[in-house]
Amino acid sequence: MEKIMIIGPLPPPIHGESLAVLNVIESKKVNEIYEVCSVNTNRINVTAAGQFSIRKILKDLNIIMKVIMKAFIMKKEIVYISISQTRLGLIRDLIIIFICSIRSKKIIAHLHGNNLGNVINEMNRLEKILVKKVFNRITSGIVLGKNLKDNFKSLVQNTDVVANGIDINYIKEEEISHKQRDRDYITIVYLSNLIETKGYQELIYAVISLLEKGIKIKLKLAGSVFDQVKFKEVWKKVQHYNLESNIQYLGTVEGEDKKRLLLDSDIMVLPTNYPIEGQPLSIIEGMAAGLPIISTSRGSIPDLITNNGILIDSGEKKLIEQALIELINNPEKMKSMAQNSRGNFSRKFTLDKYIDSILDIISRPQQKG
């Protein structure tokens, strides 16, 4: 049985990347084929991402020492690393990849986002030379969507696309079919951090406008507020129009509460203008719940939204409003998109598909030269 070392952040905290790495480590399929060990790169209780600190350096040195021990003493034939998207984290990962390449026959670098290219662009000349030399030792780079391939700057031997995936039983088909639709209003869900560039403010303004036009809708927002000043600014408008019963902020929602929120909703909207948007897991969760999706063409979102929703050019109020009216005024179209959402999820974005794709890349024979 071949040995594989899986390197990347693990929960806590829980976020898309840490869950994705944990899913690989705990996968029954992976453990049936390989002898698995892991190194956690999460810096718990350390300063904000991208900022220099002595504690970060010491933490990274400790991580590097663990990798050296496992790569040299225990000799791991294959290394799978979830590569960092901050300058300090990337420098650490370059050292790790170089060390591992001396003893390991395969290095798989998985990018769970869309900021690696920006980090490389901002590096100095010496650092860029280091990136080029080390990336040449990577057997395969993995990105979440075809639009994200440029992050690796054509410096790795192969770049593969593996879409995010969640457990097909997270929301079961029969749970969707049992949804109650006896209400006379449409429920819209926003499921993401409340960051200005994610478009939640514009969504609130669009919903206020639709309510003023007499359209019966409710908006439920779930996620962490990143800028309290901006949030209070828009919430004053909600309170001014006495719309707290129509526009609700639920805070962070997890587990069964999140599942129930999705099942109680009719449309998911993520009007993101986030400059480094990758492939939002929340959209895949919305698809699993059989929801039509309204979002923008950022990152690899177009890979998720085909016949199951509406892509808008940007997350501005007018475009959000138009897309919502298009769906609300066409119930058959909304129903068709809802069915397509669940169907697309089942075919392309399940955890089994995700793990199988990674295993295919890991087991693929290396190209010569």
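Here, each number is a calculation from the coordinates, and none is a lab measurement. Computed from a prediction, not measured in an experiment: that's the story for all the values here. No Cβ is skipped: glycine too gets one built from the backbone with ideal geometry, and neighbour counts run over all protein chains shown.
Numbers at a glance
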| item | result |
| --- | --- |
| Debye intensity ratio I(q)/I(0), log10, the range 214-293, q values 0.14 Å⁻¹ (C-alpha model) | -0.56 |
| With at most 14 neighbouring Cβ atoms within 10 Å, loop trypsin sites (Lys or Arg not before Pro) (DSSP) excluded, longest segment of the chain | 217-367 |
| Loop sites in the range 298-369: chymotrypsin sites (Phe, Trp or Tyr not before Pro), DSSP, at most 15 other Cβ within 10 Å | none |
| Under-5 Å amide H pairs with I247, H placed in peptide plane, nonlocal only | L219 |
| Global form of the range 1-111, assessed from the alpha-carbon gyration tensor, a/c cut-off 1.5 | oblate |
| Listed residue pairs exceeding 19 Å between alpha carbons, taken from K28/K353; K66/K153; K76/K105; K172/K348; K29/K66; K230/K317 | K66/K153; K29/K66 |
| Per-residue ³J(HN,Hα) for the range 208-222, Karplus 6.51 cos²θ - 1.76 cosθ + 1.60, θ = phi - 60°, Hz, x for Gly and Pro | 4, 4, 5, 5, 5, 8, x, 7, 8, 9, 10, 10, 10, 10, 10 |
| Helix-only [θ]222 nm of the chain, DSSP H runs n ≥ 4, -39500 (n - 2.57) each, per residue, nearest 500 | -13000 deg cm²/dmol |
| Distant-in-sequence amide H partners of G199 (H built 1.01 Å from N, under 5 Å) | N273 |
| Spherically averaged projected area in nm², based on the convex hull that wraps the Cα atoms of the range 120-189 | 8.3 |
| Computed label-point distance, nm, for sites K75 and K232 using a 7 Å Cα→Cβ extension | 6.3 |
| 5 angstrom amide H check on G223, placed H, neighbours 5+ away | L250, G251, T252, V253 |
| Segment E122-D167, length gained on full extension (0.36 nm per residue, minus Cα span) | 12.5 nm |
| Cα pair distances exceeding 27 angstrom across the range 173-348, given as percent | 18 |
| Cα-based shape type of the range 177-263, given that a ≥ b ≥ c are square roots of the gyration tensor eigenvalues and the cut on a/c is 1.5 | oblate |
| Antiparallel content of DSSP bridges confined to the chain, in %, to 5 | 0 |
| The range 30-169, relative contact order [Cα under 8 Å, separation at least 6], % | 18 |
| Over the range 173-348, relative contact order from alpha-carbon pairs under 8 Å, at least 6 apart, % | 24 |
| Cα gyration tensor, the chain - rounded (a/c under 1.5), prolate or oblate | prolate |
| Karplus 3J(HN,Hα) series, Hz, for the range 341-347 with 6.51 cos²θ - 1.76 cosθ + 1.60 (x for Gly, Pro) | 4, 5, x, 5, 4, 4, 7 |
